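Take a look at the structure set out below.
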Amino acid sequence: MRFDDAGEIYQSSLDAYPSQAAEGDANGAALVLARGDAVAGFQSTDMVGRWLNPDGSKMTDWILLTGDDSSPMWLRALIGGGVAVRQDDRWRMVVPAGHGASDPPDWLSSRTATDLHVIRGNRGYAFTTTSGEEVEVLTPIGKSCGKFPAGGSHVQIGGDGTVISISGTCKRTVWPRLLGVR
């Protein structure tokens, strides 16, 4: 199921249950992951994906992404469309909308133990470290614009660019719309 900007819902039948993860890209397409044993014709160790169009119709058939589904995958939207896929602490692949997996660009694969966020209204990226100590801001083509300390042990970036640093169990530091559209 997916909600659009107006709050409408569509539902798409995927021929695989359960799905493992899903992410919408910058153009409204969505990549849904499933284990190979949930989809006919694939091995139990495969991780497969299927692209859906913005209206929920199927864009592709199931595509083999990797033969190693031993650890969870995290999907993050990319500026211009498609998604990046992290497994363990490494960005292992990018999956352009409507296509299969390819190697990630160097600027992405070189940043291990990070999470990726689209910021500034699709005009940049921010990487947060798993230790939560800093945030790095990049251009859409991966050029670093610099880093800043965020403090805390965990950092989140909201859809409006708000940076939230969490320290311990009680302290939260919030920078409203720090990385939002300007």
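The values are calculated or read from the model by the stated rules, or taken from the named source; none is laboratory data. Since we're looking at a predicted model, the values are computed, not measured. Ideal geometry is used to build each Cβ from the backbone, glycine not excepted, and the neighbour counts take in all protein chains shown. Accessible surface areas use protein heavy atoms only, side chains included; no ligands, DNA or RNA. Shrake-Rupley method; radii C 1.70, N 1.55, O 1.52, S 1.80 Å.
Averaging the sequence gap over all C-alpha pairs within less than 8 Å and six or more residues apart, then dividing by the number of residues, gives region 96-182 a relative contact order of 20 percent.
From the alpha carbon centroid of region 76-111 to that of region 115-182 is 19 Å. For the chain, the mean projected area of the C-alpha convex hull, equal to one quarter of the hull surface, is 11.0 nm². Solvent-accessible area assigned to carbon and sulfur over the chain amounts to 50 percent, based on a 1.4 Å probe. For P149, neighbours were defined as the other residues whose beta-carbon sits under 13 Å from its Cβ, and their charges (Lys and Arg +1, Asp and Glu -1) total -2. Dividing the mean sequence gap of close Cα pairs (under 8 Å, 6+ apart) by how many residues the chain holds gives a relative contact order of 11 percent. All other residues whose Cβ lies under 15 angstrom from that of F127 are scored, Lys and Arg at +1 and Asp and Glu at -1, for a net of +1. On a straight-distance basis, which aspartates and glutamates could pair with K171 in a cross-link, Cα separation under 19 angstrom, same-chain partners fewer than 8 positions away excluded? Here the aspartates and glutamates satisfying the reach criterion relative to K171 are E133, E134. Heavy-atom accessible surface of the chain, averaged per residue, reaches 53 Å², computed with a 1.4 Å probe. How high is the relative contact order of region 26-73, given as a whole-number percent (alpha carbon pairs under 8 Å, six or more residues apart)? So the answer I get is 33 percent. Largest first, the residues W91, W175, W62 sort by 1.4 Å accessible area into W175, W62, W91.
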